[in-house]
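Values in this text are rule-based calculations from the coordinates and carry no lab data. Values in this document were obtained by computation on a predicted structure and should not be read as measured data. No Cβ is skipped: glycine too gets one built from the backbone with ideal geometry, and neighbour counts run over all protein chains shown.
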Amino acid sequence: MHKQKKYIVSHAPFWHDGSRLTTKNYHIMLAVLIALAAGIVKYGVPAVGVIALSVSTAIFWELIMNKITSRTATIGNGNAALTGLLFAMMLPPTMPWWAVVTGTFVCVIIGKEIFGGLGGNPFNPVLIGMAILMIAWKDLFDFDQALINYDFDYLVLYPLAALKHFGISSIESLSAIDLLSGKQTGAIGTTFGFGLILGGVYLIIRGFVRWEISVSYLLGIFVTAFIFKSADSATYAGPVIHLFSGYTLFGAFFLATEDSSSPVNFIPMLIYGAAIGIMTILIRNIGVYVDGTVFAILLINLANPIIDKIRPKAMGRAV
Amino acid sequence: MIKRSFIGLFSPVLQYEELDTSKTVDSIKVTGAVTFFVDKKYSKKDSLLIKPGDKVKSGDIFSVFNDSEEMIISSVTGEISGIEAFSGNFGKEYTAVTVKTESGGNNVNKDFGKTLKKASKSSLNQIIKNFPGVVSDTVFVNPDKPVDSIVITGMDSDLLISNNKYIVKNRIKDIKAGIVFIEKMTGINSFITVVPESLAVVAQDIGVPVRVVELTYPLASPMLITQNIMGRKVTAGKTAEDSGVMVINAETVAAMGAASVKSEIPGSKIVTVIDKNGDTRLVSAIIGTPVNTVLSQLKIDVNEGDRVITGGPLTGTAVYSDSHPVLPDTEAIMVQDREDIPEILDNSCINCGECVRICPAKVPVNLLIRFLENGEYDEAADSYDLFSCIDCGLCAYVCQAQIPVFQYITLAKHEFTRNNTVEAENA
């Protein structure tokens with residue numbers, strides 16, 4: 001009798017389309033590079049320091065947690081690095097090292113790992129880190145104060161703070177093109193609007209983030225800001241300022257679209273995006289915070305499981 | 001293997017294979033032994049109607065067990081050489097009957113057609129299970145399932161396969177005779193044919209209404225044909241037959257026609273063979289021929305660590321031995337190189353939604369998988385549409401986290417059914 005060859009036996013399907021978590025995460029990192037490069041050019045070495053520290057500590061925290069929970073190391077899939085990178089992009093370049101390390105700890109451990117790792121997180125991990133830092137050390141996020149030692153060739157102004165504290169007259173000189181080309185102060189990676197849009201569109205075309213969420217979010221911002229402006233144009237800024245300043249563009253393409261905390265069905269994605277947009281403007285115009293993006297996304301993350309219940313009836317179901 | 005396209009905005013669309021009319025169909029010569037599977041568990045205590053050493057002729061119809069109706073149609077002439085137990089997937093038990101072919105065994109049962117016509121309804125059901133292309137275990141004579149329409153499908157169950165398209169193209173007469181036979185035996189007189197666009201004209205000659213199905217996978221699945229083409233309401237967890245529609249392969253109908261008119265023994269099967277490069281060819285194989293005989297005659301090498309699959313790339317079954325026989329429902333034999341086998345990982349679902357967007361039955365796979373991973377099968381069936389799934393395999397095909405979603409679903413359906421059966425028995 002001949003020796004029986006051993007074959008690999010597993011369940012169907014025997015084909016796979018080749019998509020990988022790793023590919024997705026690396027492509028998102030690739031997409032933010034333009035905006036990131038603009039930030040580094042603008043803020044110099046301190047920005048590089050913050051980015052490097054953030055990415056490396058995020059990976060470090062995830063590895064520690066993998067060891068503690070005796071799981072296989074998941075840092076290879078790029079998600080920890082991505083979390084660190086997105087987190088760094090939302091910080092001012094002058095962020096002290098201890099705040100960066102604390103922030104990534106909160107992002108990775110509290111935002112993600114304690115829920116069981118990637119996929120289990122009900123909130124966007126980056127925003128959990130951001131929210132805790134913003135509440136605990138509010139002064140660190142005063143961008144005008146943080147950038148006082150920089151010398152720029154344009155009006156040094158964090159538009160949303162100026163709007164909040166000095167009223168609409170203080171930001172009248174800002175044009176959409178200036179804002180989009182990064183002529184505003186703000187976080188390391190979130191001021192160069194053209195770069196963010198380019199990266200976001202790339203991700204949408206490649207199917208790594210869903211257009212439904214980004215588009216409805218931006219529409220939500222536009223419509224709500226427009227309504228406020230129409231109601232009282234002396235107090236409230238128009239849609240352009242809201243769309244192109246603060247974390248808006250960054251949030252639309254890179255934060256609100258995070259898989260685990262966002263819906264998957266078509267109508268829920270539209271509702272989810274629009275709700276974040278509306279909430280962002282409400283916080284900016286009525287709330288106490290300068291930029292509402294972080295809290296708006298977190299709040300709607302919370303509603304995600306309920307919104308996502310709006311789904312088509314499965315085949316052959318009576319109810 | 002079809003990969004994700006560069007533009008990922010929309011869900012990938014997989015297409016069924018068109019019939020390549022330029023290719024010829026080779027016959028596989030059977031050497032040595034063939035094996036038939038009987039859908040019943042075998043134990044040494046069973047009283048059997050056959051024993052090793054018995055002579056059988058090609059076309060002989062015989063029962064195996066004294067106390068069971070299961071029957072076999074021998075596709076070869078020879079001598080029974082072994083009867084043994086065989087375990088399939090999910091603990092399914094079969095009895096494998098091996099027949100050693102005799103050289104120069106041209107002695108065939110010439111009265112097969114007569115036997116078929118004289119058979120009672122219940123034995124006819126058992127006999128027809130041995131016909132090539134049969135995929136349903138109820139066939140069409142079932143008092144519990146009020147089938148009123150029969151769909152003859154010229155479509156195939158999976159990608160790369162073109163067996164039924166080949167039959168529609170080449171065996172119109174046999175299909176017509178098969179329709180006459182079915183009508184006579186069952187009294188059902190509502191027939192339609194579903195074919196791809198390219199065969200719509202040819203299929204007119206069958207003489208029953210023709211409907212065209214797009215080549216988009218899985219539109220040819222019996223449930224979707226019942227819902228979309230027949231306009232019937234389908235019920236989750238039930239089959240197309242429960243909605244009154246019997247979807248039957250063109251190959252089976254042609255075999256019935258040939259058997260009833262020409263007394264042709266339904267002993268061979270058209271099989272699509274898919275090699276390591278994904279190239280396909282059609283062959284005609286005697287039912288019961290071991291897979292390795294087919295592969296060696298086509299000069300396809302299989303090495304240790306490769307994968308041998310009966311069926312197509314999305315819904316087939318991997319077999320652990322290449323001596324597995326070609327069964328009446330073996331539509332394809334596929335060989336996959338060890339380098340090409342996609343990796344499966346134990347990631348959690350990241351909720352990307354690719355599976356939800358591609359699911360033809362609109363199952364919330366992202367929610368379902370969370371219950372399946374934790375063995376919550378009752379909840380999965382009640383609230384998350386487990387039984388709406390039509391087993392197409394697309395969810396696992398697109399899964400970014402490389403979760404074996406389809407395997408979880410199959411396991412869940414099996415476990416849920418088993419638990420509920422045990423509960424019903426103990427009640």
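Observations, loosely collected:
- Point-charge dipole on Cβ atoms (K/R +1, D/E -1) for chain B, about Cα centre, debye to 20: 1440 debye
- Mean separation of Cα pairs under 8 Å and 6 or more residues apart, divided by the residue count, gives chain B a relative contact order of 16 percent.
- 222 nm mean residue ellipticity, helices alone, for chain B (DSSP H n ≥ 4; -39,500 (n - 2.57); rounded to 500): -7500 deg cm²/dmol
- At least 20 Å along the helix axis (C-alpha) and Kyte average at least 0.0, DSSP helices within chain B: B:172-186
- Cross-link reach list, lysines versus A:LYS112, counting only Cα pairs under 17 Å and skipping chain neighbours closer than eight places: A:LYS67
- Compared with the dominant Cα axis of chain A, that is its longest principal axis, helix A:211-231 is turned about 20°.
- Sorting B:ASP275, A:ASP308, B:ASP67, B:ASP205 by the number of Cβ atoms found within 10 Å of their own Cβ, with the fewest placed first, yields B:ASP67, B:ASP205, B:ASP275, A:ASP308.
- Estimated distance in nm for a label pair at B:SER81 and A:ASP178, the labels positioned 7 Å out from Cα along Cα-to-Cβ: 9.1 nm
- Shape category assigned to the stretch A:21-140 from the gyration tensor of Cα positions, a/c cut at 1.5: oblate
- From phi via Karplus (6.51, -1.76, 1.60), per-residue ³J(HN,Hα) for the stretch A:53-62 in Hz, x at Gly/Pro: 5, 5, 4, 5, 6, 4, 5, 4, 4, 5
- Based on C-alpha pairs under 8 angstrom that are at least 6 apart in sequence, the stretch A:148-307 has a relative contact order of 24 percent.
- Shape class for the stretch A:109-223, computed from the alpha carbon gyration tensor (a ≥ b ≥ c): oblate, with a/c not under 1.5 and a/b at or below b/c.
- Nearest 10 degrees, 0 to 90: helix A:193-206 Cα axis against chain A principal axis: 20 degrees
- Residue-averaged [θ]222 nm for chain A, counting only DSSP H segments that reach four residues, each worth -39500 (n - 2.57): -17000 deg cm²/dmol
- Under 13 Å, Cβ to Cβ, from A:ILE283 - net charge with Lys/Arg +1 and Asp/Glu -1: +1
- Cα gyration tensor, the stretch B:117-262 - rounded (a/c under 1.5), prolate or oblate: oblate
- Pairs exceeding 32 Å between alpha-carbon atoms, taken from B:LYS44/B:LYS100; B:LYS269/B:LYS362; A:LYS5/B:LYS3; B:LYS40/B:LYS362: B:LYS269/B:LYS362; B:LYS40/B:LYS362.
- The order of B:ILE333, B:ILE188, going from fewest to most other C-beta atoms within 10 Å of their C-beta, is B:ILE188, B:ILE333.
- Applying a 4.7 Å cutoff between beta carbons, the unpaired cysteines of chain B are B:CYS349, B:CYS352, B:CYS359, B:CYS389, B:CYS392, B:CYS399.
- Going from the residue with the fewest nearby Cβ atoms within 10 Å to the one with the most, B:ILE274, A:ILE64, A:ILE221 rank A:ILE64, B:ILE274, A:ILE221.
- With each label modelled as a point 7 angstrom along the Cα→C-beta vector, the B:ASP279-B:ASN426 pair spans 5.6 nm.
- In loop segments of the stretch B:336-418 as defined by DSSP, the GluC sites (Glu not before Pro) with at most 16 further C-beta atoms inside 10 Å of their C-beta are B:GLU343, B:GLU376.
- Projecting the Cα atoms of A:PHE166, A:ILE306, A:GLY246 onto the charge dipole of the stretch A:148-307, computed from C-beta unit charges around the Cα centre, puts A:ILE306 farthest toward the positive end.
- Relative to the longest principal axis of the Cα atoms of chain A, the long axis of helix A:293-307 makes an angle of roughly 40 degrees.
- About the Cα centre, charge dipole magnitude for the protein assembly as shown (Lys/Arg +1, Asp/Glu -1 at Cβ), debye: 1080 debye
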